[in-house]
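Encoded as structure tokens, the structure appears first; notes follow it.
The values are calculated or read from the model by the stated rules, or taken from the named source; none is laboratory data. Quantities reported herein were computed from a predicted structural model and do not represent experimental measurements. Reconstructed Cβ throughout: ideal geometry from the backbone, glycine too, with neighbour counts over all protein chains shown. Remember, those area values only see protein heavy atoms, side chains included, never the ligands or the DNA or RNA. Shrake-Rupley method; radii C 1.70, N 1.55, O 1.52, S 1.80 Å.
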2 protein chains.
Amino acid sequence: MSSDIKDITAYMTDLGRRARAASRHLAAAPTGLKNTALQAIADDLQANRETLMQENRRDLEAGAAKGLDSALLDRLELTPARIDSMIEGIEQIIALPDPIGEIFDLNYRPSGIQVGRMRVPLGVVGIIYESRPNVTADAAALCLKSGNATVLRGGSEAFHSNQAIAASIQRGLQQAGLPGDAVQVIATTDRAAVGAMITMPEAIDVIIPRGGKGLIERISNDARVPVIKHLDGICHVYIDDQADPAKAFDIAVNAKTQRYGTCNTMETLLVAEAIAEQILPTLAAAYAEHGVELRGCARCREILPDCRQATDSDWDTEYLGPILSIRVVEGLDQAIDHISSHSSGHTESIVTENYSRARRFLTEVDSSSVMVNASTRFADGFEYGLGAEIGISTDKFHARGPVGLEGLTSVKYIVLGDGHIRT
Amino acid sequence: MSSDIKDITAYMTDLGRRARAASRHLAAAPTGLKNTALQAIADDLQANRETLMQENRRDLEAGAAKGLDSALLDRLELTPARIDSMIEGIEQIIALPDPIGEIFDLNYRPSGIQVGRMRVPLGVVGIIYESRPNVTADAAALCLKSGNATVLRGGSEAFHSNQAIAASIQRGLQQAGLPGDAVQVIATTDRAAVGAMITMPEAIDVIIPRGGKGLIERISNDARVPVIKHLDGICHVYIDDQADPAKAFDIAVNAKTQRYGTCNTMETLLVAEAIAEQILPTLAAAYAEHGVELRGCARCREILPDCRQATDSDWDTEYLGPILSIRVVEGLDQAIDHISSHSSGHTESIVTENYSRARRFLTEVDSSSVMVNASTRFADGFEYGLGAEIGISTDKFHARGPVGLEGLTSVKYIVLGDGHIRT
């Protein structure tokens, strides 16, 4: 398929032009119509499960032949359960309130005009992702619900799976009477398509890369379009000396061990000096049971002699695995200093019963999620009630933290008058 | 002064590092302290009016000697009335509510955690502006109130004026006990400082250029930092055939003639065919009184034979002067099509008594301000109740339309638990 397209620039220019035209239709599409299209897409995926799995098998066989590792092949696979959850995901998005057209802050001004704001789509959203084909359906559904046209570029190893999902999306859009160009999946694995996609501000309003840090950094560096990006997740839990020890134990164990490979997993535990001797041995035993390797500061190793010495680079490492660095700090000030020097700005949590320290931590820690007495693992669109997330942003501009429907929108001012003029 | 700095890169790196450090203090500064500093700055400007005017005179004399044109010299001048309004501007910002720390949408989730959002500063804001020295005080005050550190780069022709205002700001900050690095005015006119400023994402979180389109385009093209920008203001008024003729007359005259050089001034008038013969002759007479030159489409010239023929480029021109292009359209659909092809996305207004057409215009026109029965001249931070604006954004990302304190903020998620863990 990819070889069919000779002139990538012309192909992408045309695709961008069509996305822009479709975005105008979508922006004005009523909620009911968008939901009808989403339901038609879900039904079509359901009706074509067999084809989906056949096309996925082509990708899996090609991947195995190319020698892809088992983790990658696992991410690539569309099992019946994964198809179920892809369809459920769309149905959950149908159930979410439509953010578009919401009018808020509508107030009279002394001049007599009434000024408010209306939520509107961003326009055209470009998604660049790696091996998981379910992103094709998730991302298309979120963008469609929020009135945006979408240009999707999945990983080359998932090409046939993505095209099969795209075909269901096309049929669903047509059935509802929405333009097929509302969701376009790039029909080539040529890398030049990505280069074109991220440098077309006239056609694409925002790029959301989903994948490893390398992909995201490359895209951010070269993009001429705003990028909603998520880099590292170096998350901290600080156990204050006024923590409830039982809560501290539960949270510190959960934040590290509930899942290792996720960006909201704790990578560094900070423990106040005054409670360290009480809490660290019990915690270390629990981590040992889970097979978590500990790397501690000098003071930590006085309490836990079997713990390996942490190096400077440990404080800046996202392990994404069963390793935890531990630092004993004097108290809240030093904990905040450590976080402000080493955190990636993703998620941090304090465990304390002290009201003023909880308030200070919430105010002074500058991360996309800041928690009191809760596990960092909660930093997630579903847990926050966004319904679904298109990504997590570690930026401060436009969208921050888990990005759901609202992150795919903008606002405009509306002014209602009765012939008012400015004097 | 500018020749004192030999190594611009080292100077800017140090300035950026100090801004970043100061931003941490400012982010946690209580409202009262920020207001105290703002009042101290206003008082210091008041106490040093004479020095301000002396320093401004140096700039004016140098400008005259360099042959700057009278419009530029006028913008540069600090008259007693302009100093008054600079001081009043700061006092108005003191009176605005502090956006920082506001917590909203705090709700319990089924898991038992309470999730909300807290408004926080962006961090460090860089402002690049041209000849008006009052921007130094306005921008610094808005950034300070919103908890941001500021790096200001004014035009070289206002160098001494800006440094004098900067000195007042420094004394005010010190008097309140806030770090002087919270507001830094670049002490060189070397252009390399701008190049450094827009490529320091580690030190500066957002750049706001204020000035002509050329300046803004140059900065946007080269920036490695998000830019809140405002390009053209090609604003439209559409007079529907169900308009109240009196309102249509008032609005069409006001939107063009109240001021010519502003970005929210109407540049193109669209008139529905069915009302054109009734309304255009009266309007043309009013424009003639104001000395506004008209350029019309063929149908317009049938009604107004003295009107000059509009060329294709007229529909895409921001005149910023007493010229107006007029097009007779079939009705609402053609008006929206014209706007979507030619508008710069700033401000558009419909004049109509028809409920459904007003609703369609509000929904389908994709501009930062969309109005019904009101003059485009209302598109302004003061008129909208933002108190003051740091600029107007024609982008859809992050901030759109007049940008006040809220546009200088971000949000973070906060999670309150009682030992909650994820299962």
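Within region B:338-368, the residues that satisfy the criterion of being within 11 Å of chain A (Cβ to nearest Cβ), under 19 Å from B:GLN242 (Cα atoms) and not polar (S, T, N, Q) are B:GLU348, B:ILE350, B:VAL351, B:GLU353, B:ALA358, B:ARG359, B:ARG360, B:PHE361, B:LEU362, B:GLU364, B:VAL365. Inspection of region B:350-358 identifies at least one residue that is part of a loop (DSSP other than H, G, I, E, B), under 27 Å from B:ARG259 (Cβ atoms) and either aromatic (Phe, Trp, Tyr) or under 31 Å from the mean Cα position of the chain (by Cα) (or both). Selection over region B:371-423 of residues that are within 19 Å of A:ILE421 (Cα to Cα), out of contact with any strand residue (DSSP E or B) (no Cβ under 6 Å at 6 or more places or on another chain), at the interface with chain A (Cβ under 7 Å from one of its Cβ atoms) and assigned to a loop (DSSP other than H, G, I, E, B) gives a count of 3. Out of all the residues in region A:346-364, which are more than 17 Å from A:ARG377 (Cα to Cα) and in contact with a Phe, Trp or Tyr (Cβ under 9 Å, 6 or more places away or on another chain)? Within region A:346-364, A:THR352, A:PHE361 meet the criteria. Looking across region B:144-171 at every residue that is of a type in the set (A, V, I, L, M) and not in a strand (DSSP E or B), the one that is nearest to the chain's Cα centre (by Cα) is identified as B:LEU144. Kindly indicate whether B:SER146 is open to solvent by less than 10 Å² (accessible area, probe 1.4 Å), in contact with a Leu (Cβ under 7 Å, 6 or more places away or on another chain), under 25 Å from B:LEU78 (Cα atoms) and of a type outside the set (Lys, Arg). Against the criterion (open to solvent by less than 10 Å² (accessible area, probe 1.4 Å), in contact with a Leu (Cβ under 7 Å, 6 or more places away or on another chain), under 25 Å from B:LEU78 (Cα atoms) and of a type outside the set (Lys, Arg)), B:SER146 does not qualify. Right, A:THR262: in a strand (DSSP E or B), hydroxyl-bearing (Ser, Thr, Tyr) and either under 24 Å from A:SER344 (Cα atoms) or more than 31 Å from the chain's Cα centre (by Cα) (or both) or not? When the stated conditions are applied, A:THR262 does not pass them. Could you tell me whether A:ALA335 is surrounded by 22 or more Cβ atoms within 10 Å (Cβ to Cβ) and in contact with a Ser or Thr (Cβ under 7 Å, 6 or more places away or on another chain)? It is false that A:ALA335 is surrounded by 22 or more Cβ atoms within 10 Å (Cβ to Cβ) and in contact with a Ser or Thr (Cβ under 7 Å, 6 or more places away or on another chain). If only residues of region A:80-110 that are open to solvent by less than 50 Å² (accessible area, probe 1.4 Å) and not in a helix (DSSP H, G or I) are counted, the one that is farthest from the other protein chains (Cβ to nearest Cβ) is A:LEU96. Entry remark, region B:119-143: residues being in a helix (DSSP H, G or I) and either at pLDDT 95 or above or open to solvent by less than 10 Å² (accessible area, probe 1.4 Å) (or both) number 8 in total. The numbered conditions (1) of a type outside the set (Ser, Thr, Tyr); (2) touching a helix residue (DSSP H, G or I) at 6+ places or on another chain (Cβ under 9 Å); (3) at pLDDT below 95 are all true for B:GLY16 except (3).
Selection within region A:232-259: residues that are surrounded by fewer than 17 Cβ atoms within 10 Å (Cβ to Cβ) and more than 22 Å from A:GLN334 (Cα to Cα). The member of this set that is nearest to the other protein chains (Cβ to nearest Cβ) is A:ALA246.
Here A:GLY385 meets the list (1) at pLDDT below 95; (2) under 24 Å from A:GLU130 (Cα atoms); (3) among the small types (Gly, Ala, Ser) almost entirely, failing just condition (2). Kindly indicate the residue of region B:211-231 that is within 11 Å of chain A (Cβ to nearest Cβ) and not in a loop (DSSP other than H, G, I, E, B) and also surrounded by the most Cβ atoms within 10 Å (Cβ to Cβ) among those meeting that condition. Residue satisfying both the conditions and the ranking: B:VAL227. Taking region A:55-79 only, how many residues are without any contact (Cβ under 8 Å) to a residue 60 or more places away in the chain and open to solvent by 70 Å² or more (accessible area, probe 1.4 Å)? Total satisfying the criteria: 8.
The condition of being open to solvent by 10 Å² or more (accessible area, probe 1.4 Å), acidic (Asp, Glu) and within 14 Å of chain A (Cβ to nearest Cβ) holds for only one of B:GLU202, B:GLU277, that being B:GLU202.
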